[in-house]
């Protein structure tokens with residue numbers, strides 16, 4: 001089986017990976033460098049894409065086989081390469097380091113994070129607000145000792161346990177460890193990561209190295225998920241009971257659109273046969289709570305609920321009534337727009353509906 005990746009939108013830095021820098025208002029098939037020589041670039045790939053992350057003007061794609069590809073603006077090495085320090089117009093494979101496959105990725109404004117299956121975390125690009133997590137005055141990976149032909153620098157910080165997953169916003173990062181400890185670094189100017197202070201009791205506006213974040217969460221909640229927006233983070237607190245899921249949301253940082261006021265009350269949904277799951281997605285200035293119900297095999301979840309809060313100046317908050325006639329199987333969001341994946345019939349025939 002082969003796969004294609006399609007993209008559209010702003011493309012001034014070749015971040016769509018379609019071998020040109022022209023903006024696109026319709027979906028175009030991306031190009032991948034899957035070999036060497038004149039015939040190395042193809043529009044199909046042999047492994048399924050499992051994660052796509054978009055930075056300011058660059059893009060990362062993680063495949064099921066552990067390969068990671070990048071394209072777009074590489075002027076600061078944010079695509080993972082020392083050369084070329086220019087726009088990369090097609091998806092180029094980021095080499096394995098220590099013969100280890102990539103298992104997770106994240107992308108911020110001018111930086112990227114890659115995690116391999118040895119639990120090693122690598123960063124690259126430009127992080128003037130501490131986004132690289134390498135320490136004060138270490139904001140450019142290209143000026144440091146990088147590995148092989150890449151611009152990747154290993155983050156040697158000693159986490160309390162191996163890193164399980166990565167998240168990033170425009171200018172900050174969050175990782176969750178296997179023991180559920182949470183570490184953050186980067187921009188804290190809006191108090192996104194609470195009122196953190198240094199040894200002199202001064203508020204930390206920039207966090208240059210990973211710092212453990214303590215959550216004041218009632219022990220009646222047994223799990224939590226995060227959404228990272230531009231000026232705030234949202235924490236979805238979840239309690240799974242026998243026949244229902246209770247949940248609450250905390251907003252931390254600059255809440256310009258009074259989201260916390262809108263979500264103050266504890267809410268619950270039925271959870272018959274424990275088939276339902278909750279997730280939270282964040283645009284720059286809005287959050288979206290997704291309820292998804294899975295079949296008995298745990299596959300092909302269907303979105304059965306959507307709650308949206310925050311800025312709606314560009315239609316970022318969709319009307320659930322308009323979507324009630326669709327079978328929605330997935331949701332994804334960008335800076336100020338979203339996509340629904342809609343099942344249109346049998347087999348793998350699916351279509352996209354765009355919100356903006």
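Numbers at a glance
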read-out: Extreme residue, surrounded by the most Cβ atoms within 10 Å (Cβ to Cβ), among residues of the stretch 321-356 that are modelled with pLDDT under 90 and within 27 Å of residue 254 (Cβ to Cβ); value: 355
read-out: Answer residue from the stretch 11-26, given it is under 23 Å from the mean Cα position of the chain (by Cα) and in contact (Cβ under 8 Å) with a residue 24 or more places away in the chain and is farthest from residue 110 (Cα to Cα) among those; value: 18
read-out: Total residues in the stretch 22-53, condition modelled with pLDDT of 95 or more, surrounded by 15 or more Cβ atoms within 10 Å (Cβ to Cβ) and assigned to a loop (DSSP other than H, G, I, E, B); value: 4
read-out: Which listed residue, of 140, 131, is farther than 18 Å from residue 183 by Cα, in contact with a strand residue (DSSP E or B) (Cβ under 9 Å, 6 or more places away or on another chain) and in the same structural domain as residue 68 (by TED's automatic domain parsing); value: 140
read-out: Residue in the stretch 71-82 that is out of contact with any helix residue (DSSP H, G or I) (no Cβ under 9 Å at 6 or more places or on another chain), surrounded by fewer than 22 Cβ atoms within 10 Å (Cβ to Cβ) and more than 21 Å from residue 170 (Cα to Cα) present; value: no
read-out: Residues being in contact with a strand residue (DSSP E or B) (Cβ under 6 Å, 6 or more places away or on another chain) and farther than 26 Å from residue 169 by Cβ - total across the stretch 83-92; value: 1
read-out: Search result, residues across the stretch 56-73 that are in a loop (DSSP other than H, G, I, E, B), closer than 19 Å to residue 11 by Cβ and either assigned by TED's automatic domain parsing to the domain that holds residue 228 or without any contact (Cβ under 8 Å) to a residue 60 or more places away in the chain (or both); value: 57
read-out: Exclusive hit being modelled with pLDDT of 95 or more, buried (at least 17 other Cβ atoms within 10 Å of the Cβ) and either in a helix (DSSP H, G or I) or more than 19 Å from the chain's Cα centre (by Cα) (or both), set 159, 122; value: 159
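Residues are listed down the side, and each one gets a yes or a no for (1) outside the structural domain of residue 109 (by TED's automatic domain parsing); (2) modelled with pLDDT of 95 or more; (3) touching a helix residue (DSSP H, G or I) at 6+ places or on another chain (Cβ under 6 Å); (4) under 23 Å from residue 173 (Cβ atoms):
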site	(1), (2), (3), (4)
200	no, no, no, no
226	yes, yes, no, yes
233	yes, yes, no, yes
240	yes, no, no, no
261	yes, no, no, no
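The values are calculated or read from the model by the stated rules, or taken from the named source; none is laboratory data. A quick note: this is a predicted structure, and the numbers were derived from the prediction, not measured. Here Cβ is always computed from backbone atoms with ideal geometry, including for glycine, and neighbour counts include all displayed protein chains.
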